[in-house]
Amino acid sequence: MEIRIGIINTGRELNFETSTSADDVRAQVTAALEQSATQVGFTDVKGNSYIVPTANLAYIELGTEESRRVGFVA
């Protein structure tokens, strides 16, 4: 699943793919915001970790969990 995170006062967005389901990511972000956590962490499919300050979150876009099709379909 692809995740796109917009960060306040930053011209670029954080974009990566993760094997975590959309519901799990949504629950993780919601819990961090409700508990007033200072940061929320994510891990992509390559094992890279991302820590984003919750005070600077502009938006989080969760992509579909469907894998992309490769090639031509007849």
For this session: Output the qualifying pairs, or none if there are none: Cβ atoms under 7 angstrom, residues six or more apart or on different chains, first residue in the stretch 19-36 and at pLDDT 95 or above, second residue open to solvent by less than 70 Å² (accessible area, probe 1.4 Å).
Result: none
Exercise. Looking only at the stretch 28-49, which residues are open to solvent by 60 Å² or more (accessible area, probe 1.4 Å) and either among the small types (G, A, S) or in a strand (DSSP E or B) (or both)?
Worked result: S36, Q39, T43, S49
Problem set entry | Filtered residues of the stretch 1-27 (kept if hydrophobic (A, V, I, L, M, F, W, C) and exposed (fewer than 14 other Cβ atoms within 10 Å of the Cβ)) | I8, A27
Exercise. Within the stretch 50-66, restricting attention to residues that are surrounded by 11 or more Cβ atoms within 10 Å (Cβ to Cβ) and assigned to a loop (DSSP other than H, G, I, E, B), which residue is nearest to the chain's Cα centre (by Cα)?
Worked result: G63
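The values are calculated or read from the model by the stated rules, or taken from the named source; none is laboratory data. Bear in mind that the values here come from a model prediction, so they are computed numbers and not experimental data. FYI the Cβ positions are ideal-geometry reconstructions off the backbone, even for glycines, and counts take in every protein chain you see. Surface areas here come from the heavy atoms of the whole protein model, side chains and all, with no ligands, DNA or RNA. Shrake-Rupley method; radii C 1.70, N 1.55, O 1.52, S 1.80 Å.
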